[in-house]
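Colleague: Attaching a single structure in structure tokens format; questions to follow.
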Amino acid sequence: MKKGLILAAAVCLSIAGAKAQTSNVKVNVVLNPAFSIEVDNSTLDKTDNGLEQKDAVNLVYRTASDYATGVKKDIANHLKVTSVGTGYKIFATADSRNLQRTSGEGVPEMAGEIVTVKVGNQGNGVNIAALNGKINQVNNGKNGTTAKGEVVYTLGNSNSTESVVGFGLNVEYAARALNTAEVKSFLGQNNAIGARYTVNVTYSILAD
């Protein structure tokens, strides 16, 4: 009985005298250059209304004044831009030089020069015809990069002070005034419904 008590005490002393074991790990936070651009879908039209389509930008001539002066839509925060590590250029390209008739009985195409796109507060806008087919050689400070389309917005230079994350850019879409001959051409004969002409615009981003 006495012997058993001595063994138990020895075991307890051994556990109490053990040292804590440690292991270290290095944690690195690494920031690499990154670029993204997207159209904020919440800024697009949300309902179908006659010839107007949802999930699109609809430029609509409704009144005599619209035909005489043109129509435009200024969309706040239409583009979401991330550029980490440098300034950036935004390019826009159109899938056709002219807008294609997608409803109605008028001529098959509307001249691309009638519609312009303006990003941010730079310039007076670029027409659809100019957005189609152009190839640009861009020097991003490291190597040449080929980009299709027209430069529609530029910010900063090749250093990290111009970095932005989820930055919202306004975009203005506009269609100029139409004269009598143009209206007749786009509507066609015996058309009391109206007409719709369509083009797809794509945005891309590259380092400045």
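The values are calculated or read from the model by the stated rules, or taken from the named source; none is laboratory data. Predicted, not measured: the structure shown is a model, and the values here were computed from it. Every residue, glycine as well, gets a Cβ built from its backbone with ideal geometry; the counts of neighbours run over all protein chains shown. Keep in mind that these areas ignore ligands, DNA and RNA; they rest on the heavy atoms of the full protein, side chains included. Shrake-Rupley method; radii C 1.70, N 1.55, O 1.52, S 1.80 Å.
Colleague: Quick one: in segment 177-207, which of the residues that are under 30 Å from the mean Cα position of the chain (by Cα) and of a type in the set (Val, Ile, Thr) is farthest from Asn49 (Cα to Cα)?
Modeller: The qualifying residue farthest from Asn49 (Cα to Cα) is Ile205.
Colleague: Answer yes if at least one residue in segment 165-182 is among the β-branched types (Val, Ile, Thr), at pLDDT 95 or above and in a helix (DSSP H, G or I), and no otherwise.
Modeller: Step one: of segment 165-182, the residues among the β-branched types (Val, Ile, Thr) are 165, 171, 180.
In the following step, the residues that additionally are at pLDDT 95 or above were identified as 165, 171, 180.
Cutting the leftovers down to in a helix (DSSP H, G or I) gives us 180.
Yes, there is a match, as at least one residue in segment 165-182 is among the β-branched types (Val, Ile, Thr), at pLDDT 95 or above and in a helix (DSSP H, G or I).
Colleague: What pairs come up if the first residue lies in segment 110-132 and is within 12 Å of Glu150 (Cβ to Cβ) and surrounded by fewer than 19 Cβ atoms within 10 Å (Cβ to Cβ), the second is aromatic (Phe, Trp, Tyr) and at pLDDT 95 or above, and their beta carbons are under 9 Å apart, counting only those six or more places apart or on different chains?
Modeller: Gly125/Tyr173
Colleague: Report the residue count in segment 62-108 for those that are touching a Leu at 6+ places or on another chain (Cβ under 8 Å), at pLDDT 95 or above and among the β-branched types (Val, Ile, Thr).
Modeller: 2
Colleague: If you don't mind, there's one more thing I want to ask. Quick check on my filter: what residues within segment 105-122 are closer than 23 Å to Leu44 by Cα and not acidic (Asp, Glu)? Give the steps one after another, and end with the answer.
Modeller: First pass over segment 105-122, keeping only residues closer than 23 Å to Leu44 by Cα: 110, 112-122.
Correct list: Met110, Gly112, Ile114, Val115, Thr116, Val117, Lys118, Val119, Gly120, Asn121, Gln122.
Colleague: Determine whether Ser42 is surrounded by fewer than 16 Cβ atoms within 10 Å (Cβ to Cβ), part of a helix (DSSP H, G or I), within 19 Å of the chain's Cα centre (by Cα) and not acidic (Asp, Glu). Lay out the reasoning, then the answer.
Modeller: Working: surrounded by fewer than 16 Cβ atoms within 10 Å (Cβ to Cβ): yes; part of a helix (DSSP H, G or I): yes; within 19 Å of the chain's Cα centre (by Cα): yes; not acidic (Asp, Glu): yes.
Answer is yes for this residue.
Colleague: Against the condition outside any helix (DSSP H, G or I), open to solvent by 40 Å² or more (accessible area, probe 1.4 Å) and more than 24 Å from Ala129 (Cα to Cα), how does Val151 come out, does it pass? Full working, then the answer.
Modeller: Details: outside any helix (DSSP H, G or I): yes; open to solvent by 40 Å² or more (accessible area, probe 1.4 Å): yes; more than 24 Å from Ala129 (Cα to Cα): no.
Answer is no for this residue.
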